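In what follows, a structure is listed as structure tokens, so that the remarks can point back to it.
What follows draws every value from the coordinates through simple rules; no lab data is involved. Treat the numbers as computed from the prediction; the structure is a model and nothing was measured. Glycine gets a Cβ as well: all are built from the backbone with ideal geometry, and neighbour counts include every protein chain shown.
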Amino acid sequence: MTQHRPDIKTALAERILVLDGAMGTEIQALKLESADYHGKHFEGLGNDLTGNNDILNLTVPDSIKDIHIIYLEAGADIIATNTFNATTISQADYGMENYVDVINVDGARLAREACDDMMARDPGRTCWVAGAIGPTNRTTSISPDVNDPGYRAIDFDTLKDAYKQAARALLSGGVDLFLLETIFDTLNAKCGIFALEELFEETGERRPIMISGTITDMSGRTLTGQTPEAFWNSMRHASPLTIGLNCSLGAKDMRPYLVDLSRLADTFVCAYPNAGLPNEFGEYDEEAETTAGFVREWAEEGLVNIVGGCCGTTPAHISALHNAVEGLAPRDIPSREPAMRLSGLEPFTVTI
């Protein structure tokens, strides 16, 4: 296994780093058919795997690696593995729970190879692989049944174990960081953090953790109702490398919530918005230069340490972001007075 990269904190102290863009957008551009999702591995399988992007790590690995390389060539410093739905919980939709380990190992390996190839071509560059772990399609805090508010579709330990299995495989595949992303339920994120801490203790190998929540609409709250400050109060105990936001909103609409996090978080801040808001067909129309213009304003205001792209963003967006923030100073981490900072849906600070 390739040794992990030099300390990313050193780079973050010097400049704004760039995370890659949307994997799904690039996969859609390939116009794959059902046979591509099944490949030689699953030709006789009765399950329809169309849309299971994570399985492509096994069936069309060269295509996934090429996407990673294209994002690196566009200027990304960090690339996320193609493993957003690579947990037993999410893969159950396709009947592919038994393939979670190999999906994650190969997802990490492909990203690792892309980074290593890029650094061999350009010895002056350092690239990092972030093991992506999505929120799953379950929530531990909310009942999916309006007639039974106490019901939960999943419990803490089951979700924790699913996260841990995925994380163990990603670690084996050679990731430098872990990215808990698109968090709509803070309790789900706590399952992920607990899983990672157990894994680190068992293996003796620790990796930095990036945590990224999602504001679901213009209410400025997560799906489970937390404000950005309450979300940070809930996550701060994990001492993450980064806290931030992704998905749901474009850069223009994400800004006020990013301002809140940037002001409060005594760690690095990462934000990767969508390419604007989706149109009536669910597609994203915001041009790369428009997104980059908003993100440059973030950087000029000292709001960010890592920027990137989520839904609808392309290598063109990442190239534009790279150019927009190049040479601009990274956000300074604020120093805050010690206090007991609690959270429910709202933050609560105990002062003397």
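Computed per residue of the chain from DSSP H runs no shorter than four, each worth -39500 (n - 2.57), the mean residue ellipticity at 222 nm is -12500 deg cm²/dmol.
Normalised by 2.2 N^0.38 Å, where N counts its residues, the alpha-carbon radius of gyration of region 8-350 equals 0.94.
Within the chain, antiparallel bridges make up roughly 15 percent of the DSSP beta bridges whose residues both belong there.
For region 8-350, the relative contact order works out to 19 percent when only alpha carbon pairs closer than 8 Å and six or more residues apart are counted.
Each Lys and Arg adds +1 at its Cβ and each Asp and Glu adds -1 at its Cβ; summed about the Cα centre, the chain shows a dipole of about 860 debye. Peptides 50-58, 338-346 ranked from most to least packed, by the mean per-residue count of other Cβ atoms within 10 Å: 50-58, 338-346. Karplus-derived 3J(HN,Hα) values for region 17-25, using 6.51 cos²θ - 1.76 cosθ + 1.60 with θ = phi - 60°, are 8, 10, 8, 6, x, 6, 6, x, 4 Hz; glycine and proline are entered as x. The order of the peptides 42-49, 232-239 by mean Cβ neighbours within 10 Å, most packed first, is 232-239, 42-49.
Local charge for D260 was computed over the other residues whose Cβ lies under 15 Å away, with Lys and Arg +1 and Asp and Glu -1, and equals +2. Divided by 2.2 N^0.38 Å, where N counts the residues, the Cα radius of gyration of region 148-285 comes to 1.10. Going from the residue with the fewest nearby Cβ atoms within 10 Å to the one with the most, E280, E286, E73, E14 rank E280, E14, E73, E286.
Taking the number of Cβ atoms within 10 Å of each Cβ as an exposure proxy, the fewest-first ranking of S90, S319 is S319, S90. Between R336 and A120, the FRET efficiency from the beta-carbon distance, with R0 = 41 Å, is close to 0.45. Around the Cα centre of region 1-157, unit charges on the Cβ atoms of Lys, Arg, Asp and Glu (plus for the first two, minus for the last two) sum to a dipole of about 420 debye.
Ordering H322, H317, H68, H41 from the fewest to the most neighbouring beta carbons within 10 Å gives H41, H322, H68, H317. Other residues whose C-beta falls under 14 angstrom from the C-beta of R341 contribute a net charge of -2, scoring Lys and Arg +1 and Asp and Glu -1.
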